[in-house]
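Novice: I am attaching a structure below and will ask some questions about it afterwards.
Here, each number is a calculation from the coordinates, and none is a lab measurement. As the structure is a prediction and not an experimental result, all values here were calculated from the model. Counting neighbours? That spans all protein chains shown, and the Cβs are built from the backbone with ideal geometry, glycine included.
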Amino acid sequence: MHDPGSPWKARQRGHAAPPSARSDRREPQAQADVQPGLQRERRDAELRLHGLNAVRAVFARRPQAIRKLYLAEARIPQLQPLLKWCVANRVGYRVVDEADLQKLAASAHHEGVVAEVLREAPQSLNAWLRDLPAGPHCALWLDGVGNPHNLGAILRSAAHFGVAAILLPKHSTLALSGAAARVAEGGAEAVPFVRLGRDDNSIAQLHGAGFALAATVVRGGSDLFKADLPQRMVYVLGAEGEGMSPELAAACDRRLSIPGSGAVESLNVASACAVLLAAWRSKR
């Protein structure tokens, strides 16, 4: 029997998607005997995105990652290319109510579309450095940043300023979420994640590739706007509350601070990131 409270219910509408882009496929009911381990594996491998620009960015760069699509009727005209691609590639989609979209996205900020997509696994540092083109590059080392909205804002700034990668410490649990991808406004598809090894080994590899590391600190660092910023730079950003680990800060080549009025202690990590990237870009 169909569960009337389920977000997967079919809707009876007077206006359906045009025949050229309509999908009548129905998702198979979940099997009760699926092993919990396999269910967790699937959840880890997939990501539920929401937000128009976030979904469009995945479709533009890696459409084969899209597994399911849910949308409001009002979004049908704007998403015609994606809907036609879904039909051609046998990817199920469904027009659903506002309340269902909120359940699916776990947010009121879904912007009329939700997609289930395969996650993109982080690259290794070796692979990233091997394929990195010659010339100036800036990367961000996120040491403990955990707030999804901050991550999304960082990704948006990183995409805007052409950051080469987001570097994740070996044991970091930070991962892209639907909320972060929406805030990033498509930036999550523009900047790769790179998984680091041990801090000392990673720093040595980055040095070998010509990168200098800058610890970003609230006070006691060189004035960002007066500093000589190298062609290849890694900004190391600490957690929202605790900052970066003292050991990692000590291992960096320099310490940088953003001067201000003193009316507040510091900038939010995402705001600070945008200022840091703008300063580096202005020197190029």
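Novice: Region 216-284 to region 162-182: how many Å between their Cα centroids?
Specialist: That distance is 18 Å.
Novice: Mean separation of Cα pairs under 8 Å and 6+ residues apart, divided by the residue count of region 148-195: what relative contact order is that in percent?
Specialist: RCO, region 148-195: 58 percent.
Novice: May I pose another question? Counting only other residues whose beta carbon sits under 14 Å from that of LEU168, what net charge do I get with K and R as +1, D and E as -1?
Specialist: +1
Novice: Along Cα→Cβ, 7 Å out, is where each label goes; now give me the distance between the ones at GLU242 and ARG130 in nm to one decimal.
Specialist: If labels sit at GLU242 and ARG130, their model points lie 3.4 nm apart.
Novice: For a quick check: sort VAL275, VAL55 by the number of other beta carbons within 10 angstrom, fewest at the front. Let's see the in-between values first.
Specialist: Details: VAL275 16, VAL55 27.
Going from sparsest to densest Cβ surroundings: VAL275, VAL55.
Novice: Where does each of SER257, SER157 land when they are ranked from fewest to most other beta-carbon atoms within 10 angstrom?
Specialist: By the 10 Å Cβ count, ascending, the order reads SER257, SER157.
Novice: While we're looking at this one, here's another question. If the label point is 7 Å along Cα→Cβ of GLU46, which residues in region 68-112 have backbone nitrogen under 11 Å from it?
Specialist: Zone members listed by number: 68-69, 92.
Novice: What residues have an amide H closer than 5 Å to that of GLU46, excluding those fewer than 5 places away on the same chain, when H is modeled at 1.01 Å from N in the peptide plane?
Specialist: Residues meeting the amide H criterion: ARG119.
Novice: Could you list GLU120, GLU247 in order of exposure, starting from the residue whose Cβ has the fewest other Cβ atoms within 10 Å?
Specialist: Least to most surrounded, the residues fall as GLU247, GLU120.
Novice: Also, quick follow-up: If you take every residue apart from HIS207 with its C-beta less than 11 Å away from the C-beta of HIS207, what net charge results, scoring Lys and Arg +1 and Asp and Glu -1?
Specialist: Net local charge, HIS207 excluded: -1.
Novice: Tabulate in residue order the Karplus-calculated ³J(HN,Hα) for region 201-212, using 6.51 cos²θ - 1.76 cosθ + 1.60 with θ = phi - 60°, rounded to whole Hz; enter x for Gly and Pro.
Specialist: Couplings: 5, 5, 4, 4, 5, 5, 4, x, 8, x, 8, 9 Hz.
Novice: I'd like to know which of GLY112, PHE161, ALA99 lies farthest towards the positive end of the charge dipole of region 92-184, counting +1 on Cβ of Lys and Arg and -1 on Cβ of Asp and Glu.
Specialist: Farthest towards the positive end: PHE161.
Novice: What does the charge count near ALA121 come to, summing +1 for each Lys or Arg and -1 for each Asp or Glu among other residues with Cβ under 11 Å from its Cβ?
Specialist: On the way: positive: ARG119, ARG195; negative: ASP44, GLU120.
With Lys, Arg at +1 and Asp, Glu at -1, the neighbours total 0.
Novice: For the charge dipole of region 123-282, defined by +1 on Lys and Arg C-beta atoms and -1 on Asp and Glu C-beta atoms about the Cα centroid, which residue among PHE225, ALA190, ALA134 has the Cα displaced farthest towards the positive pole?
Specialist: The residue sitting most towards the positive pole is ALA134.
Novice: What percent does the relative contact order of region 141-284 come to when contacts are Cα pairs within less than 8 Å and at least six residues apart?
Specialist: On the way: 228 pairs, mean separation 42.9, N = 144.
Dividing the mean separation by the residue count of region 141-284 yields 30 percent.
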